[in-house]
Amino acid sequence: MAREKVILAYSGGLDTSVAVKWINETYDMDVITFTCDLGQGRDMTGIKEKAIKTGAVHAIVEDARNMFVDNFVWPSLMAGTMYEGKYPLATALGRPLIAWRMVEAAKEHGAAAVAHGCTGKGNDQVRFDVSVQTLAPNLKVIAPVREWKWTRTEELEYARKHGIEVDATKQSIYSVDQNLWGRSVEAGVLEDPWVAPPPDAYQWTVDPLTAPDEPLEIVIEFDQGRPTHLDGEPLDAVPLIERLNELGGAHGVGRIDHVENRLVGIKSREIYEAPSAAILHCAHKELEFLTLSRQAQRFNTYVAQTCADIIYDGLWFSAFHKSLMAYVSETQRFVSGNVRVQLFKGKVTVTGMKSDYSLYSHELATYEEGDQFPHDTAVGFIKIHGLGQQTQARQQLLKSEPSVRPARIMPSSDD
């Protein structure tokens, strides 16, 4: 009788390499590894070969970079999602895509389960489990690292005992995850928030203090909220992000040091590098100031925070998120134009904007010749605008005893 199959999210690192053999032994299942290329900068051919050598019956490697940007990164950018105002959600955006593609692979290969290498302490276990259970409730989810509870030393010993080749050593300092949209670093000395991040924690960005002394100006063009051109050159999504990562990194842009609130109820100190995300979020937000109404801008602040929490918490496939993204898409219809950005010593500064859909009117804003603002209507507008406050003051606040007056709202005789 043929053994059941499981689709394992496979990175080629210590945890998932050991998991192949462990699942064979513990669950008596054939393992098919699944690796999504989201721009990790890894040798995908080598990963595939290693998976087979480790004991997988089949290894799938899928180039999902364009799918990642078009369906996850750009919608997130359009929504303005920055978790707790700092983290552009690089890893969190990749997990629902990987979960979705694993579910599709499980259907194709007739697998009974999917597996991942997440720990019981992190956010990724939630993102994988919830996404899979939403898309395919019939699939079992196996989480070896969460189950075996080994120390790193015990895990390395298991690998040695079973002849599993791993690059990791007991001296490994950091835990790193990266894709096109950003790089995250944790563990080691970074677990002490008082310790400044050592220089070797960063790989994509130079120290802002040693960055070039001359600023770099670039122009980014957006079409309905999506970046399309860099300095007048049309670029597909992946090369555009890669180019901005290079330019931003060379000027020290995109370093983030964040003590964040994890979904599982603990705080974690994370180091992020996200040059392209830092540049594009800044440029996109400023273009929205030019092209969106006051009401839309204010409401978008709430939508951005809510969407960021949804993505971080692993609820990408929720109906609520789908509804919010429909709203976001509607707001982006006129977020088109050019934004000039200066990169200098780790900072991103917008120095100019223009759009065919700009709501900025020079004729209304200017104090010089050509002013078309209807000044003679201002007095009537002011009277109507203040009418409610004046009525309440006359009927309530000015009649109240001093002891019941709201503190500091009505001036006192001592002021």
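Every number here is computed from the coordinates shown, using simple stated rules; none is lab data. Model, not experiment: these values are computed from the prediction. Reconstructed Cβ throughout: ideal geometry from the backbone, glycine too, with neighbour counts over all protein chains shown.
Brief remarks follow.
- Each of the peptides 267-276, 214-223, 107-116 was scored by the mean count of other Cβ atoms within 10 Å over its residues; in descending order, highest first, they stand as 267-276, 107-116, 214-223.
- Rounded to 5, the percent of DSSP beta bridges in segment 1-137 classed as antiparallel: 5 percent
- Nearest-20 debye value, segment 179-270 charge dipole, Cβ charges on Lys, Arg, Asp, Glu: 460 debye
- Segment 331-346 - phi-based ³J(HN,Hα) in whole Hz, Karplus 6.51/-1.76/1.60, Gly and Pro as x: 5, 8, 4, 10, 8, 10, x, 10, 10, 8, 10, 10, 10, 7, 6, x
- Counting every other Cβ atom within 10 Å of each residue's Cβ, Tyr312, Tyr83, Tyr10, Tyr174 order from fewest to most as Tyr174, Tyr83, Tyr312, Tyr10.
- Magnitude of the charge dipole, segment 5-172, Cβ model with Lys/Arg +1 and Asp/Glu -1, debye to 20: 260 debye
- Taken along the Cα-to-beta-carbon direction at a fixed 7 Å, the label points for Thr210 and Ser318 span 4.4 nm.
- q = 0.09, 0.17, 0.19 Å⁻¹: log10 I(q)/I(0) that the Debye formula gives for segment 235-356, counting C-alpha atoms only: -0.31, -1.12, -1.28
- Lys/Arg +1, Asp/Glu -1 at C-beta; the chain dipole; positive extreme among Gln305, Val341, Leu397: Leu397
- Residues Phe299, Phe381, sorted so that the one with the fewest Cβ neighbours within 10 Å comes first: Phe381, Phe299
- Couplings for segment 249-262, taken from phi via the Karplus curve 6.51 cos²θ - 1.76 cosθ + 1.60 with θ = phi - 60°, read x, 5, 10, x, 8, x, 7, 9, 10, 9, 8, 9, 8, 6 Hz in order; Gly and Pro are left as x.
- Listed by chain and number, the lysines placed with their C-alpha closer than 24 angstrom to that of Lys354 are Lys285; residues fewer than eight positions away on the same chain are left out.
- Packing-based ranking, highest mean first, of 385-393, 25-33 given that Cβ atoms within 10 Å are counted: 25-33, 385-393
- Principal-axis tilt of helix 294-312 within the chain, Cα atoms, nearest 10 degrees: 20 degrees
- Peptides 244-252, 329-337 ranked from most to least packed, by the mean per-residue count of other Cβ atoms within 10 Å: 244-252, 329-337.
- Of every Cα-Cα pair in the chain, the percent that sits beyond 40 Å: 31 percent
- Checking the Cα-Cα distances for Lys21/Lys121; Lys107/Lys322; Lys53/Lys121; Lys86/Lys347 against a 26 Å cut-off, the pairs over it are Lys53/Lys121.
- The aspartates and glutamates whose alpha-carbon is closer than 18 Å to the alpha-carbon of Lys161, local same-chain residues fewer than 8 away aside, are Asp15, Glu25.
- Normalising the average separation of contacting C-alpha pairs (under 8 angstrom, six or more residues apart) by the number of residues puts the relative contact order of the chain at 17 percent.
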